[in-house]
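Heads up: the structure comes next, in structure tokens.
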Amino acid sequence: MSSQFLPGSAKDRVRLAPYELARQLACTRREFLRCTAGIALGSFLLPSSLSARTGIAASKRKVIVITFGGGARDQETFAPEGQENIPHLMRELIPQSAFFTQVVNRGILGHYVATASLATGVYETINNFASLPPEHPTIFEYFRKDLKRPASDVWVVAPSNGFNRIGESSHRSYGPGLGARVILPKHLLTAATSGGTDYDHLLRDNYETPYYTPELGGNGFELQQLGTMLKLSVDDFKAHARTLSSPDELSVYIVRQLMRQLAPSLLWITMHDIDIAHAGTYSLYIEGIRRTDRLCADVWKTIQSEPEYAGKTTLFILPDFGRDSDDDAGGNGFQHHRTGDALSRTTWMMALGAGVREGVVFDRPMESTDLVPTLGSILGFSAPFAQGKPIQELL
Amino acid sequence: MFPSDLKPEQFNGYPPEARKLVSAYVGVLRGLPLSFLPSLLREAIEYDFKFPAERRALEKELANLDALSTEQLRDWLQGFAQIHLSAQLEHSDWINAPAQFVEQLSSYLWTTHQLDAFRNAALAYADRLRGAVPPEKPSAPRVGITIIGQGATTNGVPLFRKLRPHGAYFRAVKPENGLQLLLNVVAERAKAHPVPYGHWYIDGGRAAPYDPALTCVSYHGLEPVRAVLSAKIRSEIERPGMGPENLRTVLAQLRPADLGLPKDGDAVLDRFQVKMLTEGSGTQIFSTTFAQWTAREALRRAQPLTLLVRFAPRQRQKPMNEMLSASHEVAELDPLGSLIDADMGAYYNWLNLQRLPGAEQSSFLVWFEDHREAVAIGPSLPGGTESTTAAALDQLLSWAS
């Protein structure tokens, strides 16, 4: 229990109450956005009904959620020195978005469990590295059960085997048969290229436990369904994969196919390239942020260009959580998200598209568990087991 | 099993010096909360393989706990006493496997939302301990040196952006013979202040010739060890039921001899090197990560008076399309990516140097190898300044100190 590695400045920061640190961070983001993106403080704007703003009935709306993963810090994104890494968010998306500066994740900071918490609206406590379903109903189950939607209307595209169970929970009132279809593009590529070599880095399941790949289970999407559902031959899939530089690019390629062929109403995309930071290589972490920034803009452009989505889709982009601060001696800066400090827990969210006021920033604290009840209000389903509250500014 | 049930013979599985140390304090250990004690034992069980600075800190911490009255002890550790533990943790072998207990405790604290309470308890304890047992001041002002960018050109990447506000940026450094000059400075300091494990040279590639008074660790020198470790990991993960926690446990139990290090080597340094590879993330694959993490751990644990870290190019991370081409070519190097890694690594080296006692007197130099750019930080150099004065690297160090 050595104490010598705790500097005065770090100690002082730690000693601020977590909500004070989170507020400081939110203020920094707000000021930065006001100065560089010219967006207005939104707390004085009166809400009006979403359907009145969009003119679109809830049953016709579509929602796409992108988790900006896995974990990026302010100093490499929204702080002045980080803006060069997110040109698309800064110049194209934020001016069109409602931006929430203070989204706090009070749960476990592991990517699978945190993403599961985002999807259930409850801080899940399942083992981050085991192949287990969330314990509480997911947004996908609420959506399908309440609105009687078919399986083809709800999809998850996720980076690794560990996310295969995220589509449906183990909750006795929901669960098997009511959740989302989950596509793991890397898993598909593994199957498509069986017998190949030199895939170790690409196909490893995640960056935090690079030597371990959980068993697959749940409602997975198999290689043969590429042709039947996405109208994509295995050869074309492999050929296209050879033109891409990362697993997240492959995910976005699959997302485009899904949008064109099945046009699901609820689509959840989990990005993960940024988590290469666990390898300790700052340059690759920055590359991951820049790529994710570009891919978010690509998805937004696809939304605008696809007739099934244009004008009736709301896009949400948010990280599952941040990464450790340089000031916390217990961590190693950007490399991990293990200290649980306020900075690694305090993230942001942007919403843009149908029904969202453009160019406003909201400072008030909210929690990552607020996403599910908010999406419930937008799409017209209830989420009775979710712990969060609907975000009034979006309704 | 609870701490109150402790008996001296239960430490018979500890290495000899650790057993002797802990046995002398069984009385006070019995009064410590279970949420706290295994963290202390995790340090104690490694006592035989710790650096002198770590040993002295642990000895003082135990002596301090022993000197506290029952009421004081309760007051100091009340935050830990309020942590609720599971029966599984209580019944685990926390005496002989304290590191595994701490790992499971960490997971349990996250799951039960007690992490913040534990964190606050740890900070409060650390503050009180620092007050009661002030950290040792160094016998001479510390010097940190980091050399980055071997074989690289900047391609317009601005360097030292995080360090420049803290020191003087020199843009006309004389690069000739720079590495040798700096190694000479380190060797002279080792002779002037002969402290065991007090003067380090860490190289992310192949170490240059160095004075034997230095403690040296190099990525190239550990290549055979990394190969054995890699084979062991591959073999372990193929075993049924092997998960990440199990693998970590297996890796934590590896000893230098298991990885091919000679049995008559420096036991303390060999154990340290093995930990860099088995506990560090990315250290097995990327030399830049290895250099940064090793520097961090050397500073935190050995608290050296001098540390020279030289980053070398790491292997290039292949993009997906190249991986799909299934080639077996030797991994290329990525000098520009490595320069960016090392630039951040230099900043972390400085931050970690600042966390040690005597930081206000320490000096730091970062140099872009074979180039004319450097930043020097020290008590006599104003922050955020620039100089075009032509100067050799050893001159910069003397100005900074």
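The values are calculated or read from the model by the stated rules, or taken from the named source; none is laboratory data. Everything quoted here is computed from the prediction, not taken from an experiment. Reconstructed Cβ throughout: ideal geometry from the backbone, glycine too, with neighbour counts over all protein chains shown.
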Pairs under 6 Å by beta carbon, first residue surrounded by fewer than 14 Cβ atoms within 10 Å (Cβ to Cβ) in the range B:210-235, partner part of a loop (DSSP other than H, G, I, E, B), six or more apart or different chains?
-> B:H220/B:G205; B:H220/B:R206; B:P224/B:G260
Could you tell me whether any residue of the range B:114-124 is among the charged types (D, E, K, R) and either more than 28 Å from the chain's Cα centre (by Cα) or away from chain A (no Cβ under 13 Å) (or both)?
-> no
Flagged in the range A:301-345 as of a type in the set (A, V, I, L, M) and under 20 Å from B:R300 (Cα atoms), in numbering order, are A:A329
Residue match in the range A:80-89 (condition: modelled with pLDDT under 95 and of a type in the set (A, V, I, L, M, F, W, C)) | no
Of the listed residues (B:A207, B:A187), the one being assigned by TED's automatic domain parsing to the domain that holds B:V309, at pLDDT 95 or above and touching a strand residue (DSSP E or B) at 6+ places or on another chain (Cβ under 7 Å) is B:A207
Within the range A:232-277, the count of residues that are in a loop (DSSP other than H, G, I, E, B), within 23 Å of A:F316 (Cα to Cα) and of a type outside the set (S, T, Y) comes to 5
Restricting the range A:52-79 to residues that are away from every other protein chain (no Cβ under 14 Å) and in a helix (DSSP H, G or I), the residue that is modelled with the highest pLDDT = A:K60
Taking the range B:258-307 and keeping only residues that are assigned to a loop (DSSP other than H, G, I, E, B), away from chain A (no Cβ under 14 Å) and within 28 Å of B:G358 (Cβ to Cβ), one is left with B:D266, B:L305
Considering residues that are out of contact with any helix residue (DSSP H, G or I) (no Cβ under 8 Å at 6 or more places or on another chain) and under 26 Å from B:K7 (Cβ atoms), the number found within the range B:97-131 is 1
Within the range B:100-109, is even one residue small (G, A, S) and farther than 24 Å from B:G27 by Cβ?
-> yes
Taking the stated definitions as given, is A:P264 at pLDDT 95 or above, within 26 Å of A:S97 (Cα to Cα) and surrounded by fewer than 23 Cβ atoms within 10 Å (Cβ to Cβ)?
-> no
How many residues are out of contact with any strand residue (DSSP E or B) (no Cβ under 8 Å at 6 or more places or on another chain), away from every other protein chain (no Cβ under 14 Å) and modelled with pLDDT of 95 or more when one looks only at the range B:330-382?
-> 2
Report, by residue number, each residue of the range B:18-62 that is within 20 Å of B:V195 (Cβ to Cβ) and either free of Cβ contacts under 8 Å to residues at least 24 places away in the same chain or in a helix (DSSP H, G or I) (or both).
-> B:Y47, B:D48, B:F49, B:P52, B:A53, B:E54, B:R55, B:R56, B:A57, B:L58, B:E59, B:K60
From the option list B:Q100, B:Q72, single residue qualifying as away from chain A (no Cβ under 12 Å) and at pLDDT below 95 is B:Q100
Residues of the range B:212-241 satisfying the condition of being of a type in the set (A, V, I, L, M) and either closer than 30 Å to B:V185 by Cβ or out of contact with any helix residue (DSSP H, G or I) (no Cβ under 6 Å at 6 or more places or on another chain) (or both) = B:A213, B:L214, B:V217, B:L222, B:V225, B:A227, B:A231, B:I233, B:I237
